[in-house]
Amino acid sequence: MHGLLADVNVQGHLPYLRGLMEGQGLLEIRTEMGISLVNFPDLGLDRATDDRTLWHFCQENGWVLFTDNRSREDENSLTATIQDSWHEGHLPVLTLANKGKFENSATYATRVAQDVAEVLVLVFVDEIRNQPRIFVPL
């Protein structure tokens, strides 16, 4: 199994994202490719998992991490992990550029859903493995 793993800070947004994708007919190809949209409980992950451990889990198990635009700067932060561990061929992190806008603008949320669907397909056919972090919408 592989796909999109919603970080704890956006896991409540996953049903909305899934619904937007479904409403636009974007789930069919995802389903055909075996791409799942999951959150921490689906995979038995602890909410307190640090970013470094989570990033490595995603890389080892085929999950594109979906998170919001945040920045912590300790040695186990997502930023630090990407800087010292990422190399071409790794899965990117999808970052929701503006969580508030996603929550309050249907147009913005629709663009996010379209871009997430597109990026997931491209990632899993190995066409986008050259960027450590991709902000959506594109």
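Read the figures in this text as sums done on the coordinates, not as results from a lab. No experiment lies behind these values; they were computed from the predicted model shown. Neighbour counts are summed over all protein chains in view; Cβ atoms, including those assigned to glycine, are modelled from backbone coordinates with ideal geometry.
Projected onto planes of every orientation and averaged, the convex hull of the alpha-carbon atoms in segment 2-136 covers 7.4 nm². By the helix-only formula, in which each DSSP H run with n ≥ 4 contributes -39500 (n - 2.57) and the sum is divided by residues, the chain has a 222 nm mean residue ellipticity of -13000 deg cm²/dmol.
Answer rounded, prolate or oblate for segment 29-96, using the Cα gyration tensor with square roots of eigenvalues a ≥ b ≥ c: rounded when a/c is under 1.5, else prolate when a/b is larger than b/c, else oblate. Cα axes put segment 29-96 in the prolate bin.
Packing-based ranking of 132-138, 121-127 yields 132-138, 121-127, ordered from highest to lowest mean Cβ neighbour count within 10 Å.
Helices that extend 24 Å or more along their long axis by alpha-carbon positions and average at least 0.0 on the Kyte-Doolittle scale are, among the DSSP H runs of the chain, 106-124. Using 0.36 nm per residue and subtracting the Cα-Cα separation, the extra length available between ASP126 and HIS87 on full extension is 12.6 nm.
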